[in-house]
Amino acid sequence: MRIGVPSEHGQIERRVALTPDAVARLLPLGVEVLVQAGAGVAAALPDGDYTEAGARIVPDGAALLAEADLVVMVTRPRDEDVTSFRSGTAVVGMLQPLVNRELVDALAAAGVTSFSLDAIPRITRSQSMDALSSQATVSGYKAVLMSAELLPKFFPMLMTAAGTVAPAKVFVLGAGVAGLQALATARRLGAVVSAFDTRPVVREQVESLGASFVELQLDVEEGEDARGYARELSEAQYAQQQELVARTVADSDVVITTALIPGRPAPRLITAASVAAMRPGSVIVDLAAEAGGNCELTVPGEVVVREGVTIVGTLNLPSTMPLHASQMYARNITNLLGLIIADGELTLDFEDEIVADACITHEGRIVSRLLQGAST
């Protein structure tokens with residue numbers, strides 16, 4: 001089997017799906033790894049590093065797709081890529097099948113076997129393959145660095161000859177992987193940190209990082225579904241949540257929002273009125289901007305100032321730290337490939353929960369459990 005690693009720079013993506021050390025880990029599976037020339041350059045991984053690891057460099061994307069039996073990607077194939085795939089080719093990436101249904105249909109029609117890392121179930125055995133978590137770690141860290149740069153205050157308390165400087169107050173909405181990483185990073189920088197989540201079970205994790213868990217009497221059932229992902233609230237529950245968080249938001253210097261529902265628009269947690277109540281100079285970093293944003297005034301892809309508050313809607317934060325983001329993602333990919341490749345061949349056991357959930361199309365059919373569940 002030949003595994004192909006394309007360059008994704010044309011999609012404004014600086015990460016690469018496999019790093020040289022990942023290539024070295026894959027070769028014992030009985031595969032050959034082909035890397036498009038320059039694929040890792042934006043992540044500080046030159047072609048020579050791949051060659052030393054045992055990969056073969058191919059000149060362009062067309063040559064790569066002509067040879068590859070399995071293509072690994074960070075994002076998803078473009079339309080022209082799908083038409084270039086040979087029937088029976090496999091592809092692995094972050095396909096987001098719930099919002100890219102046309103892509104799923106095209107992959108099935110082309111006879112492509114596809115796997116989406118964002119469809120992997122959140123169970124203990126699959127943690128090493130959980131790309132959503134690995135990339136959320138990068139987002140949470142970078143969100144704090146961006147807010148610290150934009151905030152016209154110090155993060156830590158300082159006692160100087162010129163007087164005492166009070167620490168910044170950082171409030172994180174959503175204590176998933178990104179939220180917890182944001183809390184840890186802001187705490188290391190010396191801020192006073194707090195968080196809210198609809199899942200009371202995360203309180204212990206929040207407090208273990210030195211943050212306070214904000215108590216809001218929200219009328220909500222279990223905050224996550226059977227797959228471990230956040231559950232969507234009703235409109236009445238959203239309205240109640242907006243009202244309850246508004247006071248804490250107004251008293252915060254930095255608010256970092258992380259709430260996402262797979263396949264759905266991001267829940268609106270911060271209203272325009274809440275933004276207006278914040279102190280001038282405050283900062284909101286909206287990690288849900290790609291799904292529309294948790295803040296009513298977020299502009300996806302832009303940094304704007306509204307009511308004196310800077311609102312960051314920058315997209316694809318993991319791509320801004322491409323080296324470590326690529327290393328983490330490549331480890332997720334190699335662990336999945338280790339499950340589905342044996343003796344140099346694609347070997348699929350659909351009795352395995354991870355394989356069954358991650359596989360989106362196979363043998364000309366849509367086999368995704370995620371899509372089947374969404375349609376019922």
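Structure notes:
- Assessment of the range 163-174 against the conditions (within 19 Å of N294 (Cβ to Cβ), assigned by TED's automatic domain parsing to the domain that holds D251, in a loop (DSSP other than H, G, I, E, B) and not charged (D, E, K, R)) yields at least one matching residue.
- Which listed residue is closer than 19 Å to S252 by Cα, without any contact (Cβ under 8 Å) to a residue 60 or more places away in the chain and buried (at least 23 other Cβ atoms within 10 Å of the Cβ), from V172, V193: V193
- If the condition is being in a loop (DSSP other than H, G, I, E, B), crowded, with 21+ Cβ neighbours inside 10 Å and of a type in the set (G, A, S), then the range 60-90 contributes only A68.
- Check on T198, over 20 Å from R247 (Cα atoms) and either buried (at least 16 other Cβ atoms within 10 Å of the Cβ) or touching a Phe, Trp or Tyr at 6+ places or on another chain (Cβ under 9 Å) (or both): no
- Those residues of the range 91-131 which are in the same structural domain as E363 (by TED's automatic domain parsing), without any contact (Cβ under 8 Å) to a residue 60 or more places away in the chain and in a helix (DSSP H, G or I), in sequence order: E102, L103, A106
- Of the residues screened, L45 is one that is out of contact with any strand residue (DSSP E or B) (no Cβ under 9 Å at 6 or more places or on another chain), surrounded by 20 or more Cβ atoms within 10 Å (Cβ to Cβ) and modelled with pLDDT of 95 or more.
- If you check V99, V91, V104 for being of a type in the set (A, V, I, L, M), touching a Leu at 6+ places or on another chain (Cβ under 9 Å) and more than 19 Å from M1 (Cβ to Cβ), only one passes: V104.
- Residue check, V138 touching a Pro at 6+ places or on another chain (Cβ under 7 Å) and in a helix (DSSP H, G or I): yes
- Residue among I341, I311 that is over 23 Å from the mean Cα position of the chain (by Cα), surrounded by 17 or more Cβ atoms within 10 Å (Cβ to Cβ) and of a type in the set (V, I, T): I341
- Exactly one residue out of A236, A182 is among the small types (G, A, S), modelled with pLDDT of 95 or more and not in a loop (DSSP other than H, G, I, E, B), and it is A182.
- Residue count for the range 107-131 satisfying the condition of being within 23 Å of E80 (Cβ to Cβ), out of contact with any Leu (no Cβ under 6 Å at 6 or more places or on another chain) and surrounded by 18 or more Cβ atoms within 10 Å (Cβ to Cβ): 7.
- Condition broken by R125, with the remaining ones in (1) basic (K, R); (2) closer than 27 Å to L348 by Cβ; (3) under 17 Å from the mean Cα position of the chain (by Cα) satisfied: (3)
The values are calculated or read from the model by the stated rules, or taken from the named source; none is laboratory data. Small disclaimer: the values here were computed from a predicted structure and weren't measured. Note that we place each Cβ from the backbone using ideal geometry, even for glycine, and neighbour counts take in every protein chain shown.
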